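The values are calculated or read from the model by the stated rules, or taken from the named source; none is laboratory data. For clarity, every value in this text was computed on a predicted model and none was experimentally measured. Glycine gets a Cβ as well: all are built from the backbone with ideal geometry, and neighbour counts include every protein chain shown. Each accessible area value is taken on the protein alone, full model and side chains, heavy atoms only, with ligands, DNA and RNA left out. Shrake-Rupley method; radii C 1.70, N 1.55, O 1.52, S 1.80 Å.
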Amino acid sequence: MEKFSISLIVFTVFWGLIGIVLPFLIPKGPHRRLIQTMLALTSACCWLFWLCFYLHQWKPLFGPQISSVDARALKVLWGQDL
Amino acid sequence: MTLCQLFLQPDAAYSCISELGELGIVQFRDLNPNVNSFQRKYVNEVRRCEEMERKLRFLETEIKKDELPIYDPEDNPDAPKPREMIDLEATFEKLDHELKEINTNADALLRNFNELTELKHNLTMTQGFFDDAISHPVGVMEDVGGEREMELGGQTTTTAAGMKLGFITGVVPRERMVAFERMLWRVCRGNVFLRQAEIPELIEDPVSGEKLHKTVFVVFFQGEQLKNRVQKICEGFRANIYPCPENPHERRELAMGVMTRLEDLTVVLSQTQDHRQRVLAATSRNLRTWQIKVKKIKAIYHTMNMFNNDVARKCLIAECWAPVSELDRIQLALRKGSEASGGGTVSSVLNRMVTREQPPTHHKLNKFTQGFQNLVDAYGVATYREINPMPFVLITFPFLFAVMFGDAGHGILVTIFALWMVLKERSLKDKWRNQEVWTIFFGGRYIILLMGIFSIYTGIIYNDVFSKSLNIFGSSWRVRFGDDTLAKHDSVMLEPTPYNYTRSGDYRQMFSGTPYPIGLDPVWQLADNKITYTNSVKMKFAIIIGITQMGFGLFLSLWNHLHFNHRHAIYLEFLPQIIFLACIFFYLIILIFYKWTSFDGSKATDAPSLLIHLINMILFSYKTDPPSAAVFYTGQKQFQTFLILLAVLCVPWMLLGKPIYRIVMNKRRANYSTVTNHAAGNDSDVEEQHQEEFHDPAEKRGVVLDADVRDTDTEDMLDDEHSHQQHHQHEVEMSEVWVEQGIHTIEYFLGCISHTASYLRLWALSLAHAQLSEVLWHMILHLGLSMNGYGGAIASFFVFMPWSSLTVFILLLMEGLSAFLHALRLHWVEFQSKFYKGEGYPFVPFSFRLLLDEAPVEA
């Protein structure tokens, strides 16, 4: 549960900085509003995209079906420790 | 945007318009639309400009013929004064005349030269014939009889029978020689004798100018009749006949004379060419500048043709649309123009006008936003003052493209291509201007750049780089089966639950419980059921992003209503729309998130199928039969019933709300107008004011403070038609409102469901792209890379070509175009139908810069 929330917090803070904090730091100029809109929308879309994939993999309903040959290779390559 | 009237002094008008053209922020209106273009005031000047352009085009073709470079001017030359125009005309006339003279002279000289060359060859060859004849006197004409021996040296040969032979010499193209001979033989019944010799080098034909192989011939005949026939045949075959003296001495003299003349002509010709080159080189330096100047003059006179010539007050009146924020700059430009034309004259006057017409829509853009604005405008130009979707489309369009394109490797390629175009902007701007495909790509370089960057991101999340996955953080899955299990089965499915939920002891944890930090776990690349797994998440994401975007569109419509002060629209249109969307589709999103967080592998068989639940919710059917359709939280049935009823209530709310509001407004207005008893003529203006009184006091503030809002208050404009119509005819107008509202209602509610499903194309196209990518890997690249040894190295080399070209053409170009199109459709239809009217017309300012940029460079 803790490891799950580490990534969640990290990425939410990351996109939050870009989308919520950074717009206030944009210097005044003719393009200020445009850049603010761009930053906010980008971070919203990217965060949402990342979140959906993260949450979907949190509690999978079924596991990957791997051929035995590949499974044996993975046993060796990745080891047994989670 | 305000409508302005300009009062210009005729002498100052030209320079004022020139200054305004350099500024490029006013759009002139044509005040003489019914006048034929030939009857306008400045038609003569325009004609003179066209004449100048024709001469410049002629000069340009001549320069191009000689392949001289044309220099592009560094700076932007100003429009010249009217006096300068006369000078320019004179210069062009002189150049034109000179060049034409040079050309005619050169042509004549060249023809002469060619004729003399042919004559020279003629003489040389025939010399050969006559020499031969003298050395071997042969009697060739069999039918005449053997006793005649001819000396083929002359026109007259005394023979035993005393016959005279005539001859004709000439030059004929080699390809026609055979036909010529045959014709001669047939027509003269074999009574002529032909000798020929080919000219070895190519000769330029004097008449046609082409270089041909030619043959010299000499035809001998007897008698006048044959002579005529031969001459006619020669004419028919376009053989050039040259006189040849019989006397060898005369021939030699003629030959020498020809040589001398040829030498003289060569010298003259080369001098003529040099002169031509010099004239053209001098012209080429100034050509572009002149072209720009003439274009500007013509544009100014075209604009001046649109003005109204007020004879009484001796000034020109112009009407133009101008942004209110730029009025100062326009005043400045007018002052500059008036001073430039002749100081001391009365300066031109700018007068703002009040109008009910809809002004053109003007967006301030730069090179980055211009591309995206083009995408939006292709569907429809924004109505005056409504929200411009472009700043949002700027990000969501590349993002949705990337969701469908989703491969980091391909994304990198696209980004590199776009970066090249962007960084080399200046030098690439004018290259290949007439290649339409290139200009399309170049015009959209910023769009492609954003698409590429987002594609890299979505590729990382999909964990797809040229159909391979990256394992950066370590997979969350491990294979913990025993070797005997692996030996017994062909494929195994890993255990998804991260804790022991079974009673038995043979549970092994294979999933760590923590998802892969960024994107899809790399283990799925090896899984046979990868597609089943990714289908689920991609579909869910597509629905989530779709509903979010549609909701966002609805909120933009709320913003529009607030701006135009359509309070009634907020309560009667926005509220039912958002409630309907929320009740059914935001609820669906909540269910999706609930399912993601509450059901794990241990409850896999009981996990609810959200689609079935949605359908059952609408059908009010709550079975308990398959576990995936049974309710999964307490109170679900009641809550969902409540939501559906609320959603259904929204339909009549939206359908009836606005028309009933209109009816009530009509009644109120009708009562008020009869009570206050106005004259028919001024009704419309007064009614506007009364109409304002019915609305918020906030509006009144708007009326008093900012003159611009009053000038072109859209609320007045949009409601104007209604008020006028309501004033005149009630029947037609109300039914129109009912029908329109019915259409909007059906369109919205049916559209909600169909548009939500339409967003599933995000899933479909990303699946197609991933599969195509994988096919290219398995069928092509894998073959080369899986071979061993040196053969493998060579095979890898050869396999790369088909793999890379198919990647570029099918995956990047075809799939890219497909994803582009679908993302665009999603924006135009699904997103913009929620708030965008798009019934405006674009602001096209009178700008020299626009004029010159648009002119295509002739290749």
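Could you run through segment B:324-351 and say how many residues are in contact with a strand residue (DSSP E or B) (Cβ under 8 Å, 6 or more places away or on another chain) and either within 25 Å of B:Val35 (Cα to Cα) or open to solvent by 10 Å² or more (accessible area, probe 1.4 Å) (or both)? Qualifying residue count for the region: 7.
Answer with yes or no whether B:Asp377 is within 17 Å of B:Leu824 (Cβ to Cβ) and more than 14 Å from chain A (Cβ to nearest Cβ). Judged against the criteria, B:Asp377 is a match.
Please indicate, with yes or no, whether at least one residue in segment B:552-571 is within 13 Å of chain A (Cβ to nearest Cβ), over 30 Å from B:Arg508 (Cα atoms) and open to solvent by less than 20 Å² (accessible area, probe 1.4 Å). Among the residues of segment B:552-571, at least one is within 13 Å of chain A (Cβ to nearest Cβ), over 30 Å from B:Arg508 (Cα atoms) and open to solvent by less than 20 Å² (accessible area, probe 1.4 Å), which makes the answer yes.
For B:Asp484, the requirement of being at the interface with chain A (Cβ under 7 Å from one of its Cβ atoms), of a type in the set (Asp, Glu), open to solvent by 40 Å² or more (accessible area, probe 1.4 Å) and closer than 20 Å to A:Val69 by Cβ is not met. Quick check: anything in segment A:46-66 more than 8 Å from chain B (Cβ to nearest Cβ), under 19 Å from A:Phe4 (Cα atoms) and not polar (S, T, N, Q)? Yes; the residues of segment A:46-66 include at least one that is more than 8 Å from chain B (Cβ to nearest Cβ), under 19 Å from A:Phe4 (Cα atoms) and not polar (S, T, N, Q). Among residues of segment B:35-47 being under 17 Å from B:Val294 (Cβ atoms) and open to solvent by 80 Å² or more (accessible area, probe 1.4 Å), the one that is farthest from the chain's Cα centre (by Cα) is B:Asn44. Of note, B:Val403 does not satisfy the criterion of being surrounded by 20 or more Cβ atoms within 10 Å (Cβ to Cβ), away from every other protein chain (no Cβ under 14 Å) and closer than 19 Å to B:Leu826 by Cβ.
Every condition in (1) assigned to a helix (DSSP H, G or I); (2) open to solvent by less than 30 Å² (accessible area, probe 1.4 Å); (3) within 7 Å of chain B (Cβ to nearest Cβ) is met by A:Met38 except one, and the failing one is (2). Total residues in segment B:457-479 satisfying the condition of being assigned to a helix (DSSP H, G or I), crowded, with 21+ Cβ neighbours inside 10 Å and among the aliphatic types (A, V, I, L, M): the figure is 1. Listed by first and then second residue, the pairs with beta-carbon distance under 6 Å, at least 6 apart or on different chains, first residue in segment A:69-82 and closer than 15 Å to B:Met510 by Cα and at the interface with chain B (Cβ under 7 Å from one of its Cβ atoms), second open to solvent by less than 40 Å² (accessible area, probe 1.4 Å) and in a helix (DSSP H, G or I), are A:Ala71/B:Leu486; A:Arg72/B:Leu486. Checked against the criterion of being surrounded by 11 or more Cβ atoms within 10 Å (Cβ to Cβ), closer than 19 Å to B:Gly128 by Cα and at pLDDT 85 or above, the candidates B:Val258, B:Val268 yield just one match: B:Val258. Evaluated against (1) assigned to a loop (DSSP other than H, G, I, E, B); (2) of a type outside the set (S, T, N, Q); (3) within 41 Å of the chain's Cα centre (by Cα), B:Tyr507 falls short on exactly one condition, (3). When you scan segment B:483-490, do you find a residue that is more than 13 Å from B:Ile412 (Cβ to Cβ), part of a loop (DSSP other than H, G, I, E, B), at pLDDT 90 or above and not basic (Lys, Arg), even just one? Yes; the residues of segment B:483-490 include at least one that is more than 13 Å from B:Ile412 (Cβ to Cβ), part of a loop (DSSP other than H, G, I, E, B), at pLDDT 90 or above and not basic (Lys, Arg). Do we find that B:Ser557 is among the polar types (S, T, N, Q) and without any contact (Cβ under 8 Å) to a residue 60 or more places away in the chain in this structure? No.
All of B:Leu394, B:Leu450, B:Leu423 fail the test of being at pLDDT 95 or above and either touching a strand residue (DSSP E or B) at 6+ places or on another chain (Cβ under 8 Å) or away from every other protein chain (no Cβ under 14 Å) (or both), apart from B:Leu423. Residues in segment B:519-529 that are at the interface with chain A (Cβ under 7 Å from one of its Cβ atoms) and not aromatic (Phe, Trp, Tyr): B:Gly519, B:Leu520, B:Asp521, B:Val523, B:Leu526, B:Ala527, B:Asp528, B:Asn529. Annotation note: Cβ proximity below 8 Å between a residue of segment B:307-319 that is of a type in the set (S, T, N, Q) and a residue that is exposed (fewer than 10 other Cβ atoms within 10 Å of the Cβ) (sequence gap 6+ or interchain) occurs for no pair.
Pairs are defined by a Cβ separation below 8 Å, a sequence spacing of at least 6 or placement on different chains, a first member in segment A:28-57 that is more than 13 Å from B:Thr396 (Cα to Cα) and among the charged types (D, E, K, R), and a second member that is open to solvent by 20 Å² or more (accessible area, probe 1.4 Å) and part of a helix (DSSP H, G or I); the pairs so defined are A:Arg33/B:Pro391. So which residues in segment A:22-34 are surrounded by fewer than 16 Cβ atoms within 10 Å (Cβ to Cβ) and within 10 Å of chain B (Cβ to nearest Cβ)? Matches in segment A:22-34: A:Pro30, A:His31, A:Arg33. Within segment B:637-658, being surrounded by fewer than 15 Cβ atoms within 10 Å (Cβ to Cβ) and of a type in the set (D, E, K, R) holds for one residue alone: B:Lys637. Look at (1) facing chain B (nearest Cβ under 10 Å); (2) assigned to a helix (DSSP H, G or I) and you find that A:Ile9 fails only one, number (1). Among the residues of segment B:493-509, write down those that are open to solvent by less than 10 Å² (accessible area, probe 1.4 Å) and either facing another protein chain (nearest Cβ under 7 Å) or not polar (S, T, N, Q) (or both). Across segment B:493-509, the qualifying residue is only B:Leu494. Checking each residue in segment A:52-75 for being under 20 Å from B:Phe541 (Cβ atoms), among the hydrophobic types (A, V, I, L, M, F, W, C) and either open to solvent by 10 Å² or more (accessible area, probe 1.4 Å) or in contact with a Ser or Thr (Cβ under 7 Å, 6 or more places away or on another chain) (or both) picks out A:Leu55, A:Trp58, A:Leu61, A:Phe62.
Yes/no matrix, rows are residues, columns are (1) open to solvent by 40 Å² or more (accessible area, probe 1.4 Å); (2) at pLDDT 90 or above:
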site	(1), (2)
B:Val354	yes, no
B:Pro360	no, yes
B:His363	yes, yes
B:Leu375	no, yes
